[in-house]
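Working notes, beginning with the structure itself.
The values are calculated or read from the model by the stated rules, or taken from the named source; none is laboratory data. Every value quoted in this text rests on a predicted model; they were computed, and no experiment measured them. Reconstructed Cβ throughout: ideal geometry from the backbone, glycine too, with neighbour counts over all protein chains shown.
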């Protein structure tokens, strides 16, 4: 089994974070026992975390216990730094990518790294993507927007074209969720509502803008969190395309015809939702993801896919590992202990 969507955050000191951006760069506060900690932003706790986030040996022991053969590791999105000055973010991204590669190097057949890039500057983002892949990363993770720039913005399209032309797989992760703190201030609603909407927004931005007509079909792009609301709302988008010229003016074909250009992970938590996802996207375009090691992720990684009666044996094998191996060009993993 290959889990393509998990996060890490290295032991960034407060001084290291402050040297980049004292108010916005994340750092890690670990308790005296080394078992638990907090992601911090300046003096404010951002998220409670535990040892698997920064300790590769501990993580692999947990993967062994769950039978996971390989896991792809990417930045916790608070690490992106898209609001900083671009050169500063480029330096930060390179250091974080080297830390990710070092994290994985302890277990090179079990852990693989996805790079982060300074997405606010296309030239620097392309340069860091190529450098990081040459150094050992197997793809890049990007946020679904940079400020007001969605994925259809020419700068972001240029980056995706570069990735297509250079064979760089892309995982798109929602972040900096819409709605602010006033209307979704409780019950983790930004993660329960806006995260799904941000993911759908990224996918439809690429489709309805006509960007996928300009980006080479060789682009390997995957959207995290099961594509958010995309599969459930695709019929609504097709209906709008048929009946409103302002929806179809930049998009020559119905949105559903582009769905098979995109991949998604499997984090949907419900057998009916997984069945819909496979029906809409095609089983060959769904890959196992967990959002490990966070509490809103799948706690028993792969349990839904392993047990879902809607999947046949070939579909199950594909989602659990074969699709990821082809998408990211992975070598065979050492089997879990």
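Answer yes or no: is there a residue in segment 286-304 that is assigned to a loop (DSSP other than H, G, I, E, B) and under 13 Å from residue 227 (Cα atoms). Scanning segment 286-304 turns up at least one residue that is assigned to a loop (DSSP other than H, G, I, E, B) and under 13 Å from residue 227 (Cα atoms). Can you spot a residue in segment 20-30 that is in a loop (DSSP other than H, G, I, E, B) and surrounded by 17 or more Cβ atoms within 10 Å (Cβ to Cβ)? Among the residues of segment 20-30, at least one is in a loop (DSSP other than H, G, I, E, B) and surrounded by 17 or more Cβ atoms within 10 Å (Cβ to Cβ), which makes the answer yes.
Each residue in segment 48-61 was checked for being surrounded by 18 or more Cβ atoms within 10 Å (Cβ to Cβ), outside any strand (DSSP E or B) and in contact (Cβ under 8 Å) with a residue 40 or more places away in the chain, and 6 of them qualify. Among the residues of segment 249-270, those that are assigned to a helix (DSSP H, G or I) and closer than 18 Å to residue 228 by Cβ comprise 255, 256, 258, 259, 260, 261. Within segment 111-134, the set of residues being surrounded by 22 or more Cβ atoms within 10 Å (Cβ to Cβ) and assigned to a loop (DSSP other than H, G, I, E, B) comprises 116, 117, 118, 119.
Any residue in segment 97-107 that is in contact with a helix residue (DSSP H, G or I) (Cβ under 8 Å, 6 or more places away or on another chain) and at pLDDT below 95? Checking segment 97-107: at least one residue is in contact with a helix residue (DSSP H, G or I) (Cβ under 8 Å, 6 or more places away or on another chain) and at pLDDT below 95.
A count restricted to segment 31-47 and to residues that are in contact with a strand residue (DSSP E or B) (Cβ under 7 Å, 6 or more places away or on another chain) and either part of a strand (DSSP E or B) or at pLDDT 95 or above (or both) stands at 9. Residue 39 falls short on exactly one of the conditions (1) closer than 25 Å to residue 144 by Cβ; (2) in contact with a helix residue (DSSP H, G or I) (Cβ under 6 Å, 6 or more places away or on another chain), and that condition is (2).
Quick one: count up the residues across segment 315-337 that are in contact with a helix residue (DSSP H, G or I) (Cβ under 9 Å, 6 or more places away or on another chain), outside any helix (DSSP H, G or I) and either closer than 19 Å to residue 260 by Cα or modelled with pLDDT of 80 or more (or both). Qualifying residue count, segment 315-337: 2. Specify the residue that is nearest to the chain's Cα centre (by Cα); the eligible residues are those in segment 63-103 that are under 15 Å from residue 292 (Cα atoms), in contact (Cβ under 8 Å) with a residue 40 or more places away in the chain and part of a helix (DSSP H, G or I). The extreme case among them is 77.
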